[in-house]
Amino acid sequence: MHSAPCNAPSSALHYAAVWVLPLVMLLVLLFAAPRPAAAVDATPPLPTPRLQQRYVALTYAFRCMQCQDESLANSDAPIAVDMRLLLHNLLLQGKSDQQVRAYMVSRYGEFILMKPPFNWRNAWLWCAPGVLMLIGISVAWRVISTRTRLVDQDDAELPDETLSS
């Protein structure tokens, strides 16, 4: 007796299905996946590394008014370019970080801040998640307790005659 001949087409197909297709799919996903794009900052560097650090930190602290969900550092919108240049000039004038923040807030409003401070005007934004969580927990508690009571009542009121039939 001899062994069955090797079925070459099916083994090649099996090899392709097990190794090649997943590898090709992985490569397609890697190259097709969106990558975050950083904005090109064309403002000239500041004279000292300390000022440059402050500039970078402040560009991440302010929101782009056009993009609204990106910081100035990440936005390539024309207004973000202008705002970065304004920020650059304010730092060159010797303004402190607090003075720069105050100036930007007075010009654009608190919306410009990526992390606005807690105050009476935006308190509902800060408190809403906790309040909604408490409401959800209380609703879930009531539903669960009501259903467990109904199950207990349903089992207690079961007549004996239905069990014997």
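Can you name the residue in segment 50-85 that is part of a helix (DSSP H, G or I) and among the aromatic types (Phe, Trp, Tyr) and is also surrounded by the fewest Cβ atoms within 10 Å (Cβ to Cβ) among such residues?
Kept after step one, since they are part of a helix (DSSP H, G or I), are these residues of segment 50-85: 50-61, 78-85.
Checking the rest, the ones that are also among the aromatic types (Phe, Trp, Tyr) come to 55, 60.
Details: TYR55: 21, TYR60: 12.
In this case the residue turns out to be TYR60.
Cβ separations smaller than 7 Å between residues 6+ apart or across chains give the following pairs from segment 66-86 residues that are more than 18 Å from GLY109 (Cβ to Cβ) to residues that are aliphatic (A, V, I, L, M) and buried (at least 18 other Cβ atoms within 10 Å of the Cβ): ALA73/ALA39; ASN74/ALA39; ASP76/ALA39; ARG84/LEU72. When restricted to residues that are of a type outside the set (Ser, Thr, Tyr), modelled with pLDDT of 75 or more and in contact with a Ser or Thr (Cβ under 6 Å, 6 or more places away or on another chain), segment 5-63 contains 0. TRP124 meets each of the listed conditions (1) closer than 27 Å to GLN66 by Cβ; (2) surrounded by 11 or more Cβ atoms within 10 Å (Cβ to Cβ) apart from (2).
The values are calculated or read from the model by the stated rules, or taken from the named source; none is laboratory data. Model, not experiment: these values are computed from the prediction. Please note: Cβ atoms are built from the backbone with ideal geometry, for glycine as well, and neighbour counts cover all protein chains shown.
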